Amino acid sequence: MSTYAKTLTMNTPELALANLEAVTEKFNAATENLTAATKTVLMAAGAPLLGLAFVLALPLICVALTAYYTAKLIAARSAGVARYVKNVALFFAAPFVGLAYILAFPFVGVGMLCYLGVKAARKWLELAAG
């Protein structure tokens, strides 16, 4: 099975919605015995506080969900991610490898000239002696 055939299950939002529904049912059961005036006062005072709680919690929830789905995506496609990271590392290493080649080529050339010169001198000495 290829890595592209794997699907991601998004069960965290569904679990959060299920918990929200359970809390809503408990709240509705608790407020059935209150009078209409008491409900109105509690809702008028609680609504802005509830909205504020959601506004304050939203960035944290977004960061947590982003981290969760990123980790899940990396786990599902680890081979592709590893290949991508390797390519990026090679991209950043390439200028330094090129610099090493540029610095090494004069020494390699001088060494090659010395080797070929010694080889030719030996051959010439063998022909002269022989």
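Rule-based calculations on the coordinates, nothing more; no lab input. Predicted model only: the values in this text are computed from it and were never measured. With ideal geometry, Cβ positions are generated from the backbone for all residues, glycine too; neighbour counts draw on all protein chains shown.
So here's what we get for this one:
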read-out	value
Computed [θ] at 222 nm, deg cm²/dmol, the chain (DSSP H ≥ 4; -39,500 (n - 2.57); rounded to nearest 500)	-31500 deg cm²/dmol
Residue among A128, F107, C62 farthest towards the positive dipole end of the chain, charges placed on Cβ	A128
Percent breakdown of C-alpha pair distances by 5 Å bin, ordered from the shortest bin, for the chain	2, 7, 7, 9, 8, 7, 7, 6, 6, 5, 5, 5, 4, 4, 3, 3, 3, 2, 2, 2, 1, 1, 1, 0, 0
Electrostatic dipole magnitude of the chain [Cβ: Lys, Arg +1; Asp, Glu -1; Cα centre; debye, to 20]	860 debye
Cα long-axis angle, helix 78-129 against the chain (0 to 90 degrees, to the nearest 10)	10 degrees
Tilt relative to the chain, helix 36-76 - C-alpha long axis, 0 to 90 degrees, to 10	20 degrees
Three-way shape call for region 52-96 based on the alpha-carbon gyration tensor, with the a/c threshold at 1.5	oblate
Per-selection metrics, region 8-76 (Cα): Rg and Dmax in Å	16.9, 53
